[in-house]
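Worksheet: one structure, shown below.
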Amino acid sequence: MYRTTALLFAACVAVLSLQANCHAASATNRLRAPVTTPNRSETSSSMGANTVCINGTCRSCNGAIACAGDHCTCNGDSMESAPTYKAGPCGTQAVVTHPNGGGSVATSASVDPAAYVSADSAICGTVSVSGPARVIHGSVLNGTARVLGHSVIDASVVIEASTVSNSSVVRSTVNDGAKITNSEVENSLLNGAANADRSRIMDSVLQGGVSVVGRTISGAVLVD
């Protein structure tokens, strides 16, 4: 019985760890607008109504774009000779360099001047960062996420409608409507309406409506 339970737990951790990786990849993909043209290969993506990117190289078109594999046309004509440019850290969103740290911030986002954004990190969408928060080591914030107070987002992904307040998030993914308050999260995935308050979460997965308050958990998979 114990062996069966242990095996099931290990399998669950493996699957949900893969899910964490998928969420991180999903966040990276969200830096690019969804594909709107048919027959796209995995190496090409549309980044707007009249822009397409292949392997990070973008071309624009004053008309309709259609792609088959890596070959795209504009109003039926090949786009091979069209001028090219590189995709930005927030896709086609206009970005500025944050004065404190040199990171990329979309003009649609709101970032407190006191916040630190490292040069390899990006804040996209309509994210709001208030207070002296730190976004470092290649972290990505996107969607409508909010980061407040003295939070530290370190090598992590915080996306969708997630909220992180006065907490540290290290090598983790916070997705959907998850909420972290006065907590430490490391090597973990919080997804859905998961909530961590005054807690320490390590090497764990919180999925759905799970709420952890005033606890320390490690190596756990909590699903509601």
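The values are calculated or read from the model by the stated rules, or taken from the named source; none is laboratory data. This is a predicted model, so every value here is computed, not measured. All Cβ positions, glycine included, derive from the backbone under ideal geometry; neighbour counts span all protein chains shown.
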Can you name every residue in the stretch 95-120 that is of a type in the set (A, V, I, L, M) and closer than 17 Å to residue 143 by Cβ?
-> 95, 105, 106, 109, 111, 117
Contacts under 6 angstrom Cβ, first residue in the stretch 80-92 being closer than 18 Å to residue 119 by Cα, partner of a type in the set (Lys, Arg), 6 or more apart = 91/32
Does residue 155 fit the bill of being assigned by TED's automatic domain parsing to the domain that holds residue 192, under 23 Å from residue 60 (Cβ atoms) and of a type outside the set (Phe, Trp, Tyr)?
-> no
Where in the stretch 185-224 are there strands (runs of 3 or more DSSP E), lying wholly inside it, with at least 1 residues that are over 14 Å from residue 164 (Cβ atoms) and modelled with pLDDT of 95 or more?
-> 200-202, 205-207, 211-213, 216-218, 221-223
Would you mind finding the one in 104, 110, 128 that is assigned by TED's automatic domain parsing to the domain that holds residue 154 and in contact with a Lys or Arg (Cβ under 8 Å, 6 or more places away or on another chain)?
-> 128
